[in-house]
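A short reminder: the numbers here are calculations on the coordinates, not readings from a lab. These figures come from a predicted structure and were not determined experimentally. Note that each Cβ is placed from the backbone with ideal geometry, even for glycine, and that neighbours are counted across all protein chains shown.
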Amino acid sequence: MTYAESKIERVRPQQFHETAGLEDWRVLGEGACTYFRTGSLTVGAKLVQAISELPGVDAGHPDIDVRHDGVTVRLITLTSDFYGLSERDVELARQISAAASTLGLPADPSAVQTVQVTVDALAGPEVVRFWRALLGYADRANSPEDLIDPQRRGAPFYFQEMDAPRPQRNRVHVDVWVPYDQAEARIAAAIAAGGRLVSDAHAPGHWVLADPEGNEACVGTAGWTGPEPARW
């Protein structure tokens, strides 16, 4: 760890959401995100240009996805031993929102989400080694059970340790991280589409759902009022 890394002031998801000036943003499993509706690629490019001119933006290295009708921005602090939010992300989020407001671009944080693939593994290290090689992914900082795309484009993989086989459930499932204020609506929509609730024992951290054939998926949130999930 470098001296600069040791001075990082870490921020928990709930703390982030309780901070004034961050109403445009939502914390997901992969950092703080928001979506700006631009209406055209030209306007989206102007927003990216404005973000690129913000002081300290190179240190914050935001991930920016530009499409013809909107721009998604994600902030996360990456160091040799930390993968999460910091005070640097808080300040940059405020600056980005201000830049978008100057351009008259509304934020729609309800439009963001993160999809993660979770694998139940009895032989964790061996399984992780295979998927690391296959995907060309890298270890998440200080977390040997997580793999991330070095380009931060593909879905992250999480390897959940098992102490015994679980024949009653699928061994690979999808985790969908949504804004904390969108979770209930997303769950209701999935159930209305033929799914069922398997468990809400860990709500509002996450809910377990299943499709009509029993394939499971989880809906996760971060930043609610209450206990933080273990992985944050």
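At-a-glance table
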{"item": "Helix 183-192 axis, angle to the chain major axis (alpha carbon atoms, nearest 10°)", "result": "50 degrees"}
{"item": "Highest-MSF residue in the chain out of 221, 34, 114 [GNM, Cα springs under 10 Å]", "result": "114"}
{"item": "Relative contact order [Cα under 8 Å, 6+ residues apart], the chain, whole percent", "result": "21 percent"}
{"item": "At R0 = 22 Å, FRET efficiency that the Cβ-Cβ distance of residue 135 and residue 115 yields, to 0.05", "result": "0.90"}
{"item": "Hydrodynamic radius of the range 73-132 per Kirkwood, over alpha carbon pairs, in Å", "result": "15.1 Å"}
{"item": "Neighbour-limited loop hits for chymotrypsin sites (Phe, Trp or Tyr not before Pro), the range 1-95 (at most 15 other Cβ within 10 Å; DSSP other than H, G, I, E, B)", "result": "none"}
{"item": "Cα gyration tensor shape of the range 123-183, rounded if a/c is under 1.5, else prolate or oblate by comparing a/b with b/c", "result": "oblate"}
{"item": "Cα centroid separation, the range 179-221 to the range 66-82 (Å)", "result": "25 Å"}
{"item": "Rough spin-label spacing in nm, given labels placed 7 Å along Cα→Cβ, for residue 166 and residue 188", "result": "2.8 nm"}
{"item": "Cα-Cα separations in the chain greater than 33 Å, expressed as whole percent", "result": "20 percent"}
{"item": "Rounded to 10°, Cα long-axis angle of helix 87-102 versus longest principal axis of the chain", "result": "60 degrees"}
{"item": "Within the chain, helix-based [θ] at 222 nm, where runs of 4 or more DSSP H residues each add -39,500 (n - 2.57), nearest 500", "result": "-7500 deg cm²/dmol"}
{"item": "Degrees between helix 41-52 axis and first principal axis of the chain (Cα, 0 to 90, nearest 10)", "result": "80 degrees"}
{"item": "Mean separation of Cα contacts under 8 Å (6+ apart) over length of the range 144-227, as relative contact order %", "result": "27 percent"}
{"item": "Semi-axes of the equivalent ellipsoid for the range 10-108, Cα gyration tensor, largest first, Å", "result": "22, 14, 12"}
{"item": "Within the chain: Cβ-based charge dipole about Cα centre, in debye rounded to nearest 20 (Lys, Arg +1; Asp, Glu -1)", "result": "300 debye"}
